[in-house]
Amino acid sequence: MSKFTLPQLPYGYDALEPHFDAQTMEIHYTKHHQGYTDKLNAALENYDELQELSIIDLLKQVNELPEDIKSSVRNNGGGYFNHMLFWTSLTPNQKEPGGKLLEKIDSSFKNLDGFKEQFTQKAVTLFGSGWIWLVVDNDNLSIFQTPNQDNPIMESDVTILFGLDVWEHAYYLKFQNRRAEYIDAWWNLLNWEEVERRLLE
Ligand code: MN
């Protein structure tokens, strides 16, 4: 039987300072992400054939899973996958977006500032816990909001470029209830080069 494992963080806990603090990073990774990983494995314990699927294939068919594990795989498999994407979408050495990615942003949202404004607005106004996503949908870029640990591939045939975690556990220690300040900090860390690589893939 195979198990999902927590992937290594691509940088140290303090690498994203001063934007993201080391204590939040450590707790977010070692407690929250680890917790989703462990609970996903526990949910699949009696389903050998599902353990052979990739996490993406598992989430794409989450609505067809057996009733007794459906919500656990949705929440914990979603949490497992979403946080992998989140960590790998961040960098301490940000470069401005360019090339094909910037062309796509310009054609879908007028310009980079317009895109950031729309994305930020959706992130600030999401009620409760959830994620904001940039996806490729029929060759256009579009922004999705999802609740809890859901993500767009559970319901739509889209490709995710990146997601922003707006659960309070992602920011409460440093920013308390000030979600907008956390989002401003996050914009300094987004790995545009990685996002462009995903777009071209
Ligand atoms: Mn999180």
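The values are calculated or read from the model by the stated rules, or taken from the named source; none is laboratory data. None of these values were measured; they are calculated from a predicted model. Note that we place each Cβ from the backbone using ideal geometry, even for glycine, and neighbour counts take in every protein chain shown. Side chains included, ligands, DNA and RNA excluded: accessible areas come from the protein's heavy atoms. Shrake-Rupley method; radii C 1.70, N 1.55, O 1.52, S 1.80 Å.
When the chain is treated as a Gaussian network with alpha carbon springs shorter than 10 Å, the biggest mean-square fluctuation among Leu90, Leu161, Leu102 belongs to Leu102. Pairs of Lys residues in the chain are counted when their Cα atoms are under 26 angstrom apart and they lie 8 or more places apart or on different chains; the count is 26. Quick check: the distance between the Cα centres of segment 44-123 and segment 130-146, to the nearest angstrom? Taking the Cα centre of each part, segment 44-123 and segment 130-146 sit 9 Å apart.
To put it simply, the accessible area of segment 20-89 at a 1.4 Å probe is 48 percent carbon and sulfur.
Relative contact order for segment 87-201: 34 percent, from Cα pairs under 8 Å spaced at least 6 residues apart, divided by residue count.
In the chain, excluding the sites themselves, the longest stretch lacking any of the trypsin sites (Lys or Arg not before Pro) that are in a DSSP loop with at most 13 other Cβ atoms within 10 Å is 4-94. Dividing the mean sequence gap of close Cα pairs (under 8 Å, 6+ apart) by how many residues the chain holds gives a relative contact order of 24 percent. Each principal axis of the Cα atoms in segment 1-137 has its own extent, and those three values, largest first, are 49, 35, 30 angstrom. If you run the Gaussian network model on the chain, springs between alpha carbon atoms under 10 Å, then out of Gln145, Gln23, Gln34 the most flexible one is Gln23. Which residue, Leu189, Leu173, Leu16, has the most motion in a Gaussian network model of the chain that connects Cα atoms within less than 10 Å? Judging by the Gaussian network model, the answer is Leu173. Structural descriptor for segment 1-98: relative contact order 34 percent, calculated from alpha carbon pairs under 8 angstrom and at least 6 residues apart. Computed with a 1.4 Å probe on the full set of protein chains, the accessible area for Thr88 sits at about 60 Å². Estimated at the nearest 10 Å², the accessible area of Ile27 is 60 Å² with a 1.4 Å probe. Here the 3J(HN,Hα) profile of segment 20-32, calculated from phi with Karplus coefficients 6.51, -1.76 and 1.60 at θ = phi - 60°, is 10, 7, 4, 5, 4, 4, 5, 5, 4, 7, 7, 9, 6 Hz, Gly and Pro shown as x.
For segment 126-158, the residues whose amide N sits under 18 Å from a probe point set 7 Å from the Cα of Asn63 along the beta carbon direction are 137-138, 144-158.
Taking the accessible area of segment 91-201, probe 1.4 Å, and keeping the other protein chains in place, the carbon and sulfur fraction comes to 44%.
A 1.4 Å probe run over the protein chains yields, for segment 1-119, 52 Å² of accessible area per residue, whole-number rounding. Modelled spin-label separation between Leu53 and Asn138, with each label point placed 7 Å from Cα along the Cα-to-Cβ direction: 2.6 nm.
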